[in-house]
Amino acid sequence: MMFRHLFLVLLSIAGTAPAQDASTVSVRTLAFDLPVPAVELSMKREDAEATQTLGVQVNQFGTLAKLAPGTYTASSASFASKETFKLPAGESGSFLLLVLSDKKGQWKILPVADDASRFAAGDRFMINATVAPVAVRFDKQRIRLDPGRSSYFKSPVGKAEGDKIEIEMFQEVKGALKPFNSTYWPVAKDLRTVVLIYPDLRTGKPRVRSLADMPESATAGN
């Protein structure tokens, strides 16, 4: 399916909640593209009375919120339908929810597991949200990502802050690998970065977007 309007919502669920919040998980939102400048999501858990609202804006993380584990129905005035997703109990790490929407306001949610204990400063967390497999060369690391899959990339050993990392990306089309991105990324030892590969709104070809995030351990003393 070709999406005319595609946006990303990342619900980053921390796996180290305080003891008094053991029955909830921490969530925050992030969008790279939206059909409108901001989207308000209404989240209602199955068999629960309360409804929680989460605001989503482009290219920035939302404010941390708490949600109890369970199956949720999400709705918004910006979309014509409702979607369901599940926040599992007893999970370590995080989940990212990718939300794809077409021009008519239909949307899909693609959950992606994200283990916060593996996502450290200097790492890249790459997600393939296209409909075809993608091959990535990150310095000497070579990874194949099927649609909906993700992988962590560590900064190459021996490289210093600001050094360049050579990146190549290929999309698998009818068994052949076609290059769509060749670039250099700088080493950033104090930041971790979420990288999304998704179809361009106009051409349908793979597009790459990223957003840097400061790990909680780096900000704990501030």
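The values are calculated or read from the model by the stated rules, or taken from the named source; none is laboratory data. These numbers come from a predicted model, not from an experiment. Cβ sites come from the backbone with ideal geometry, for glycine too, and all protein chains shown count toward neighbours. Accessible surface areas use protein heavy atoms only, side chains included; no ligands, DNA or RNA. Shrake-Rupley method; radii C 1.70, N 1.55, O 1.52, S 1.80 Å.
Things to note:
- Selection status of Val157, of a type in the set (Val, Ile, Thr) and assigned to a strand (DSSP E or B): no
- Of all the numbered requirements in (1) more than 16 Å from the chain's Cα centre (by Cα); (2) open to solvent by 40 Å² or more (accessible area, probe 1.4 Å), Phe138 misses one, and that requirement is (2).
- Annotation note: Cβ proximity below 6 Å between a residue of the range 61-79 that is under 21 Å from Phe32 (Cβ atoms) and a residue that is of a type in the set (Asp, Glu) and surrounded by 14 or more Cβ atoms within 10 Å (Cβ to Cβ) (sequence gap 6+ or interchain) occurs for Ala74/Glu83.
- In the range 19-34, the residues that are within 16 Å of Ala89 (Cβ to Cβ), open to solvent by 10 Å² or more (accessible area, probe 1.4 Å) and at pLDDT 75 or above: Ser23, Thr24, Val25, Ser26
- Of Phe180, Phe85, Phe95, all but one fail to be hydrophobic (A, V, I, L, M, F, W, C), under 22 Å from Gln52 (Cβ atoms) and either at pLDDT 80 or above or surrounded by fewer than 20 Cβ atoms within 10 Å (Cβ to Cβ) (or both); the exception is Phe85.
- For Glu49, the requirement of being over 18 Å from Leu98 (Cβ atoms) and charged (D, E, K, R) is met.
- The set of residues in the range 59-92 being among the aliphatic types (A, V, I, L, M), touching a Pro at 6+ places or on another chain (Cβ under 8 Å) and under 22 Å from Lys108 (Cβ atoms) consists of Leu87 alone.
- Identity of the residue in the range 134-176, within 16 Å of Arg192 (Cα to Cα) and among the acidic types (Asp, Glu), that ends up modelled with the lowest pLDDT: Glu161
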